[in-house]
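J.: Structure provided below as structure tokens; questions to follow.
The values are calculated or read from the model by the stated rules, or taken from the named source; none is laboratory data. Everything numeric here is computed off the predicted structure, so don't read it as measured data. Here the Cβ positions follow ideal geometry from the backbone for every residue, glycine too, while neighbour counts run over all protein chains shown. What goes into the accessible areas is simple: the full protein's heavy atoms, side chains included, and nothing from ligands, DNA or RNA. Shrake-Rupley method; radii C 1.70, N 1.55, O 1.52, S 1.80 Å.
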Amino acid sequence: MTTLVCSSASHAAAPSRQAARYPSFSSYMRARQPVLLRTARSLTGNPSDAEDLLQTALAKTYVAWERIEDHRALDGYVRRALLNTRTSQWRKRKVDEFACEEMPEPDPVSGDDPAEQQALRDAMWRAIMRLPARQRAMVVLRYYEDLSEVQTAEVLGVSVGTVKSAVSRALGKLRDDAELGLVRK
């Protein structure tokens, strides 16, 4: 929760009066802040907006602190400030909805069906698992871990040429895999 800071010009002119009444406001704020925050949350529905709303209402209360005669009614004053501030915010909001004759159709989702994409991924992984261990390791490092040919060769302790040829043979086997051919159609 953000601590309320108010530095208005009228209070700067009278530092002794401000020092005399600030502890009273401060103690009120510390004691009642959780209850008032719950009220603000019920008005906004969003914890961040509620904190901002409460801070604004408490700032208004601080400015009017000397004018409030009955300090037993402070909760009512702050709640009214919360409600008035929220109402002002609600009135100032920009409405982007307009009445129209026909309901607009949603944009069609581009791309394939997520179930088909998952079926293709599963089939691809099964095909990779059918590769010999060395080719499988190179394909996984190269394409799933996104390592370069040099990095793959370093990780496996082989030459770059070995990585190139083994990956080429593995990709050829994957292109010819019957199960992948069925899923891609």
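J.: What tally of residues in the range 63-76 results from selecting those that are assigned to a helix (DSSP H, G or I) and modelled with pLDDT under 90?
T.: Within the range 63-76, residues that are assigned to a helix (DSSP H, G or I) and modelled with pLDDT under 90 number 6.
J.: Still on this structure: I'd like the full set of residues that are assigned to a helix (DSSP H, G or I), under 27 Å from Glu179 (Cβ atoms) and not basic (Lys, Arg), limited to the range 131-155.
T.: Applying the first criterion (assigned to a helix (DSSP H, G or I)) to the range 131-155 yields 133-144, 149-155.
Still in the running and under 27 Å from Glu179 (Cβ atoms): 133-144, 152.
Within the range 131-155, Ala133, Gln135, Ala137, Met138, Val139, Val140, Leu141, Tyr143, Tyr144, Thr152 meet the criteria.
J.: Name the pairs whose Cβ atoms lie under 7 Å apart, with the first residue in the range 34-57 and free of Cβ contacts under 8 Å to residues at least 12 places away in the same chain and at negative phi, the second assigned to a helix (DSSP H, G or I) and open to solvent by less than 60 Å² (accessible area, probe 1.4 Å), and 6 or more positions between them or separate chains?
T.: Every condition considered, the pairs that remain are Arg41/Ala50.
J.: Here is a follow-up. Could you please find all residues in the range 103-130 being of a type in the set (A, V, I, L, M, F, W, C) and either open to solvent by 60 Å² or more (accessible area, probe 1.4 Å) or part of a loop (DSSP other than H, G, I, E, B) (or both)?
T.: Start the filter on the range 103-130 by keeping residues that are of a type in the set (A, V, I, L, M, F, W, C), which leaves 103, 109, 115, 119-120, 123-125, 127-129.
Result: Met103, Val109, Ala115, Leu120, Met124, Trp125, Met129.
J.: Among the residues of the range 131-155, write down those that are open to solvent by 80 Å² or more (accessible area, probe 1.4 Å) and hydroxyl-bearing (Ser, Thr, Tyr).
T.: Filtering the range 131-155 down to residues open to solvent by 80 Å² or more (accessible area, probe 1.4 Å) leaves 134, 143-146, 151, 154-155.
If the condition is that a residue be open to solvent by 80 Å² or more (accessible area, probe 1.4 Å) and hydroxyl-bearing (Ser, Thr, Tyr), then Tyr143, Tyr144 are the ones that fit.
J.: Cβ-Cβ below 7 Å, separation at least six or inter-chain, first residue in the range 116-138 and more than 18 Å from Ala166 (Cα to Cα), second surrounded by 15 or more Cβ atoms within 10 Å (Cβ to Cβ) and at pLDDT below 90: which pairs?
T.: Within 7 Å, the pairs are Ala119/Val183; Leu120/Val183; Ala123/Leu180; Ala123/Val183.
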